[in-house]
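Have a look at the structure below before the remarks.
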Amino acid sequence: MDASLAAPVAASAPRTAADAWRALYPFTSRWLRVSDARMHYVDEGQSGRPILLFVHGNPTWSFHWRRLIVALREQYRCIAPDHLGCGLSELQPRPLRLADHIDRLAELIARLDLQNVTLIAQDWGGAIGLGAALGQRDRFRRIVLFNTGAFRPWFIPWRIRACRIPGLGKLAVQGGNLFSRAALTMTLARRRRLDAAVADGYLAPYNSWSRRAAVHQFVRDIPASPRHPTWATLEQIERRLPELASLPVLLSWGMRDWCFTPECLDRFAEVWPRAEIHRLEDAGHWVVEDAPDDVADRLAAFLEATETDLPQP
């Protein structure tokens, strides 16, 4: 663990321009050992409240959810873990695949005994979170997805294929941090760039070759054929998605996403015909950054409208 990143809540500590992102992440850091290493997570709000479980993708971390956590922690208990190797979690002990990340999230859910959970997920977090929800169905009550997928991929965008070129891809992603740096602009459509402090927050954990290993492994874990072990994991999740059809679902989508395209949204809508769909026609992949107010307002309304469907503490 990089000690310089492990205390983002020291409000009295002097801040430099490079540390400005810490003020945007005003949460108490917590850690839980799950199998191989310590997983970092934030747990904001009061126990006994309905739980919002925020699951990030690649190359992000729990910082991705900071606005929504601040907005919702008075009404809900907000929990946002960092996958092993990501954010403030310890390095992954070996290259991890989708099934490994599902197992570690499921372990955190069980160890914290989370009940009455609303899954809120984006990018890889969709497959990871849905995999965990299918394994512990009785703990989950609602689903909110932003630009994600849980299907065997029918295409891999050229921008990602380039990062998978043997040797060159690893040098670019893990050596030059090009995947994370490119994400700061390529995930947006309404905006040209993120504020400097926000961009620094996304990059802060990924400040060395070893800290970027998980970013590269996520890129490599996208299965291009049934020969890849993660293909079978996605196939199983895809096949079981109808088991979640009875839950209230919100699909909030940036329609100008070149990665998880509107076709991904259509696939979810086909499986869950009762889902509420929120299309943001001019927003990109990081919809919570590109259209933060639109996303927050629709999410808050969805949570309030479906609250009566949940067991009361």
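Details
- Relative contact order of region 160-313, defined on C-alpha pairs under 8 angstrom at six or more residues apart (%): 22
- Residues within the reach of a label modelled at R274 (point 7 angstrom out along Cα to beta-carbon, backbone nitrogen below 15 Å), restricted to region 125-164, are 141-144.
- Along each principal axis, taking the top coordinate minus the bottom one, the Cα set of region 32-184 gives 49, 29, 29 Å in descending order.
- Accessible surface of the chain [probe 1.4 Å, protein heavy atoms]: carbon and sulfur percent: 51
- The trypsin sites (Lys or Arg not before Pro) of region 248-307 that meet both conditions, a loop assignment by DSSP and at most 14 other Cβ atoms within 10 Å of the site Cβ, are R274.
- Cβ-derived FRET efficiency at R0 25 Å, R94 paired with S208, nearest 0.05: 0.90
- The chain - mean residue ellipticity at 222 nm from DSSP helices (-39,500 (n - 2.57) per run, n ≥ 4, rounded to 500): -9500 deg cm²/dmol
- Where the chain is the region considered: accessible area per residue in Å², 1.4 Å probe: 41
- Considering only N58, S252, A23, and ranking their Cα positions along the charge dipole of the chain that arises from unit charges at the beta-carbon of Lys, Arg, Asp and Glu, the one farthest toward the positive end is N58.
- For region 89-158 versus region 31-51, the gap between their alpha-carbon centres in whole angstrom: 14
- Estimated FRET transfer efficiency (W158, Q115; beta-carbon r; R0 35 Å; 0.05): 0.20
- Applying 1/(1 + (r/R0)^6) with R0 = 25 Å to the Cβ-Cβ distance of R49 and A300 gives a FRET efficiency near 0.95.
- Pairs of Cα atoms farther than 14 Å apart, region 214-296, %: 70
- Region 70-153 shape via C-alpha gyration tensor axes, a/c threshold 1.5: rounded
- Distance-filtered residues of region 61-90 - backbone nitrogen under 17 Å, label point 7 angstrom along R33 Cα→Cβ: 84-85, 89-90
- Distance (nanometres) between label positions extended 7 Å along Cα→Cβ at V70 and L24: 1.0
The values are calculated or read from the model by the stated rules, or taken from the named source; none is laboratory data. Note that the structure is a prediction, hence the values are computed from the model and not measured. Positions of Cβ are generated from backbone atoms using ideal geometry, with glycine treated the same way; all protein chains shown enter the neighbour counts. Just the protein is used for accessible areas: all its heavy atoms, side chains included, with ligands, DNA and RNA removed. Shrake-Rupley method; radii C 1.70, N 1.55, O 1.52, S 1.80 Å.
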